[in-house]
Every structure is written in C-alpha cells, then in structure tokens.
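Here's the structure, in structure tokens; my notes come after.
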Amino acid sequence: MEARARARWIAPLACALLAFAAFSPALRAGFVDMDDTQLLVTNEGYRGLDWAHLQWMLSTRRMGHWQPLTWLSYAIDWKLHGLEPAWFHLTNLLLHALDAALVCVLARRLLALARPDAAARNPWGLEGGALFAGLAFGLHPLRAESVVWVTERRDVLSAALLLGALLAWLPARDGRRRPWLALLLQACSLTAKAWGMVLAPVLLVLEVYPLRRLPADPRRWLERAWWPVLLEKLPFLALGLAAAARARWAIDSLPGTVLSWSDWTLGERCVQACYGAWFYLARTLWPAQLSPMVALPSALDPLEGRFLVGYAFVALAPLAFFVLRRRVPALAAAAAVYLLVLAPVLGFMQAGPQLVADRYSYLSCIGWAVVLAAGAWIAWERARVATLAVSVALLAALGVAGFRQAGVWHSTESLWTHAIEVGPPSAIAHQSLSAVLAARGERESAVAQLEQALRIDPESADAWFVLGNLRHMLGAREPAAAAWREAAHYGNPSYLAWMALGKLQRDELRDFDGALESFEQAVKSVEASPPELMNPFAYLALGEELARRGRKDEARARLEVAARYAKTADAARAALARL
C-alpha cells in the first residue's frame, strides 16, 4: 500500500517533469512577431499591479480577447523580471507541466470509474494507464504552439483551471464531489480564456459515461427521474453562455477579424468544419508537418484532396462511433467531448486568418489521450512486455518530436521559415518573413517574399501596403504608387494606403490633383471606420491641401477636426491660423 501511495504522486510528477523537459527549448526562445509584439512588447497596459493597471486588465479587449487573469499572470512576470522572454516562457512551461500532471490524475479518475473491478484487481495497471495518458498529452508536438508561444498563455492557464474543475466534479476516492469548487474553477478559467464555455455539455457526456448517471439515449433525459442531474448543470451552462457573449463582445473590437457570411459563406464554413474535425485527430495520430499558420485559402476549392478526406471522416466516423458505442463507450464519449470543445473554433463563427491551428487541439484532444491509455491498460493485462516496449517507444518518439517542434518557435525568423518549408502555401508566412528581412536591411529579399505572398493571395491589402513602403525606400516611386493603389483597393479600412499615396503624389510626384483625391479618399475611409480607428492625420492632410488651393471653408472644417486630437492639434491650429 505504501508503494501504491507513492505511485499516486510519482506518476503525475513524472508527467510534469518530462513535459517540462520536452518543451524546454522554449527557455532559449524570444518573443515572436506573431501577436507577442503587439500583446506584450509594445504594450504597457499590463505593466503594473496597481489599481489603474488592474482596471485596464479587467476592461481591455486588446487583440480581441477578454482575459484579465492571463493579463495578471503577464503582469506578475513583468513585475518580477521585466520584459525578459525566458521568464515568460518559464511560466508557460510550468503551467503546461501542471496540465500534464492534472491530465494524469484525471485519466486515473476516469479509468477507475470506467473499470472499477479492473482498477481494484490491477492498481498498477491503472497507474500505468494514467501515466501514459499524462505523457501522451504532455509530450505531443501539437502542444508546442500553446506552450512555447507566449501569447497562448491563455491556453495553458485556462486548461489548468478547467482540468481542476473536472476533477472537482468527478467523485474522488471517497465518493465525494465538489460541484461548488468546479463552478468556481470554471469561472476562473473563463477569465483566462473562453474555452470553458463548453463545460456544461462536456459534463453531460461524462454523466453518460463513465459516471452512468444519465442514460445513453438523450431522448430519455427529459423524464422526471433525470431532472436533478440536468439541473445541476444549469449554473455551468449560464457561465458558459455569458462567456460566449463576452468573447463575441471582445472580438468585435477588431473590425474584420470575424468574417462576414458574404466573405466566408456557409458552404465554405462547412468545408472548414469538416476539415478541422479530421485535422486534429489526424495530427494527433501522425503529427507531421506541423505549421504555425494554415491560412484560409483565398479561393477555396471544396474538391481539394485534403477536404475530401474531411468529408469522408465526418460521414463515416459518427456511424463507426454509433456502432461501437456499447462495446467501446469510452471511444464515443471521447469523440463527443472532442467535437464539443472544438465546436466554437470549427469555423462557423470564423475569427482570424487560420483554417486550422495546432493550439485548438490543446483541450479537445485530451479525451483521445485517455482512450489511448485505456487501450494500453487493456493491452498490458494481456502482453506486458510488448505493451511496455511499444508504449516507451511511442512516448519517446512524441518527446523527441515535441522537443524539435518547440525549437521551431525559437525566433520570428525560424517560425516563418519553418511555416514556408512545411506548407501549405501561406501569404501570411511570406509576408511575416519579409518583415524580418526588411528589419535586417535586406530589402530586395523582403520585396521578393512579398511578391511571393501576393502570388498566393493577390488581394492581401497588408502585403500590397508593405510592398509599397519597401519599393518607396528603394526609390521606385511609380511601382510604390501602384502597390499603394492596390492596397487601397483591397483594404478595409484603406486610409493608410490613401495617405501614403497622397503624400507621395504631393511631395515627390508633384501630382497635386491626385494628392487631393487620395486625401479625400483617406477621410472617407476614416469616416466609414469604427471610432477606435480614428486617424486625424487624414483630416490634417486634406485640410492643408484644401487650404493651399484657397478652399478655406472646406479646409477649416477638416482642420477643426484634426485640432481636436493631441497628435495633430499643434499642426492643425497653425494651419487654421494661416487661413
């Protein structure tokens, strides 16, 4: 018994240590220019623990997320160590190590509930299965994006709290459950990331299996006998719905992030959902060619091979799970949890440029790790030596792959170089690598990367705009003007491109009529944009150009707008004084 008691904490500790080791290259990594820069490096809003900074953390929607607990963790890192990336990465690593240990404990609990007789008869097999689950989750290279990318602190932090909520809900060894603690931990998790919005339906799946407190047929849940079990979930459901509304409120702060149904149609969303449902399971089973950016195609071909596999999976997998639901109920339960957790990110409310993203597997694939552990436990009972050899080889392979994938995130350059090498073709990857090259002074190489990006996505306003900037730096004025015109054509908002074009026309090409038209278009774009995107420089430039032409009343109206903003007030007042 004493050895068994030691094993109960040795297995989670081993999971934590090995998961930490697998992704330890993160400690030598820097911040990457994939949100880290805007979120942390150039942002001072989180740098402090006084009331003003705490208020900012509670209210901000920066980068389209409401995550006050995540901001608080960043603030603590900054307070202790400044803007040193190694310490930010260390916090991410420690949280992931904790997650791996919690998955081990959760797997032990679930396996014991699913096979109580076998657990009593073979406790060491149960411990081995739990260890396998924790390591299969913790070492897998799909975890790298959530662990090594500092921006995704919200993944590892919210996951720890959600795993705690599940453990509080499930009966412990003494049979006690702590629903109040589960609800509290869910609420805390939702302040790190909105993932926990799906906890209520996940709990319903667990009530069917392995708890067996609900019948497998959902039609019977409305019978009075099952009402108490359903009513227990209402507080979790209420929190989840509130979190979903809060998440939508946060992401609405970034215009253009959520694609409209005209930009990304229902048919395209269905294609994306089918592919996503297949992608994460396929990459779990065979984690090859993992890329930090699998972008939405500019022109989606629904008959592309990768999408056809997704259709086949969505058509056949439910049938297979239904047929096996009685013989292998754990498989059906894992599949249901997998789809529930993935549902918010399968594309029906598409936000961002990604078709799929490795980070979405962090929580959704935990169930598969537990199912694999159950299979390993059963195999152990029949062939111990072979099962041990296969398990060790598999986990070692995952650990090596995880270590290598962590190295991909070492720097911005290594990240986007890897994305270009492993594909699929991504305009964002070429554009991001271009920024690295331009910052290093390699402007011709940067232009080549942007031109490659535009061959992949010729409607990328950002790529056209930066290409115009680089061409202008290289002295190619007309090509720069042409690029800015394309940026203005595709951009929404487009005022930055119109402003750049107008200044070039006014100051270098001496095309004053063209400059006036460009500044007018810039102001129209500002007026059509949300208030938070207000750009008074457009009003200042147009006012000055109108004044130069003697159109004083029109000039005064534009300059008075510019005079209301600190960034342009002095120049606008000086121009008004000259009228």
Item to check | Karplus 3J(HN,Hα) series, Hz, for the stretch 220-237 with 6.51 cos²θ - 1.76 cosθ + 1.60 (x for Gly, Pro) | outcome: 7, 5, 7, 5, 3, 4, 9, 4, x, 5, 5, 5, 4, 8, 4, x, 5, 5
Checklist entry - Which whole-Hz couplings ³J(HN,Hα) result when phi for each residue of the stretch 551-559 is put into the Karplus expression 6.51 cos²θ - 1.76 cosθ + 1.60, θ = phi - 60°, listed in order with x for Gly and Pro? => result 8, 5, 4, 5, 4, 4, 4, 6, 5
Checklist entry - When the chain is fully extended, how far beyond the present Cα-Cα distance does E451 get from S414, taking 0.36 nm per residue of separation? => result 11.3 nm
Checklist entry - What is the Å³ per residue value for the convex hull set by the Cα atoms of the stretch 256-402? => result 119
Next on the checklist: Please report the spacing between the Cα centers of the stretch 172-192 and the stretch 461-506 in Å, no decimals.
Outcome noted: 53
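Which residues make up the longest stretch of the chain clear of GluC sites (Glu not before Pro) that lie in a DSSP loop with no more than 15 other Cβ atoms within 10 Å, not counting the sites? Kindly include the intermediate steps, with their values, before the conclusion.
Values: sites that count: E44, E223, E304, E442, E459, E508.
Answer from the scan: 45-222.
Can you give the calculated 222 nm mean residue ellipticity of the chain, where each DSSP H run of n ≥ 4 adds -39,500 (n - 2.57) and the sum is split over every residue, rounded to the nearest 500 deg cm²/dmol?
Values: 28 runs with 391 residues, N = 579.
Value at 222 nm, helices only: -22000 deg cm²/dmol.
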Checklist outcome for this item: In degrees rounded to 10, the 0-90 angle between helix 477-490 Cα long axis and the longest Cα principal axis of the chain is 50
Checklist outcome for this item: Cross-link reach from K552 to aspartates and glutamates, straight Cα distance under 19 Å and at least 8 residues apart if same chain, gives D513, E517, E520, E544, E560, D570
Checklist entry - Near K233, which lysines are there with a Cα under 29 Å away, not counting those fewer than 8 places off in the same chain? => result K193
Next on the checklist: Taking each pair of distinct Cα atoms in the stretch 139-280 once, what is the resulting Kirkwood hydrodynamic radius in Å?
Outcome noted: 17.5
Checklist entry - Can you give the three extents of the C-alpha atoms in the stretch 346-502 along their principal axes, from longest to shortest, in whole Å? => result 76, 35, 20
Next on the checklist: Could you tell me how far the Cα centroid of the stretch 313-372 sits from the Cα centroid of the stretch 58-77, in Å?
Outcome noted: 29
Checklist entry - Check D33: other-chain or 5+ apart residues with amide H under 5 Å from its amide H, H built from backbone geometry? => result T412
Item to check | Residues with amide H under 5 Å from that of L355, placed H, sequence gap 5 or more | outcome: V294, A295, L296
Next on the checklist: Just to be sure I follow the definition: excluding the sites themselves, where is the longest run in the chain that has none of the chymotrypsin sites (Phe, Trp or Tyr not before Pro) in a DSSP loop with at most 16 other Cβ atoms within 10 Å?
Outcome noted: 1-260
Next on the checklist: Need one number for the chain: average projected area of the convex hull over its C-alpha atoms, nm².
Outcome noted: 30.2
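None of the figures in this text is laboratory data; all of them are computed from the coordinates on show. Since this is a predicted model, take the numbers as computed values, not measurements. Here Cβ is always computed from backbone atoms with ideal geometry, including for glycine, and neighbour counts include all displayed protein chains.
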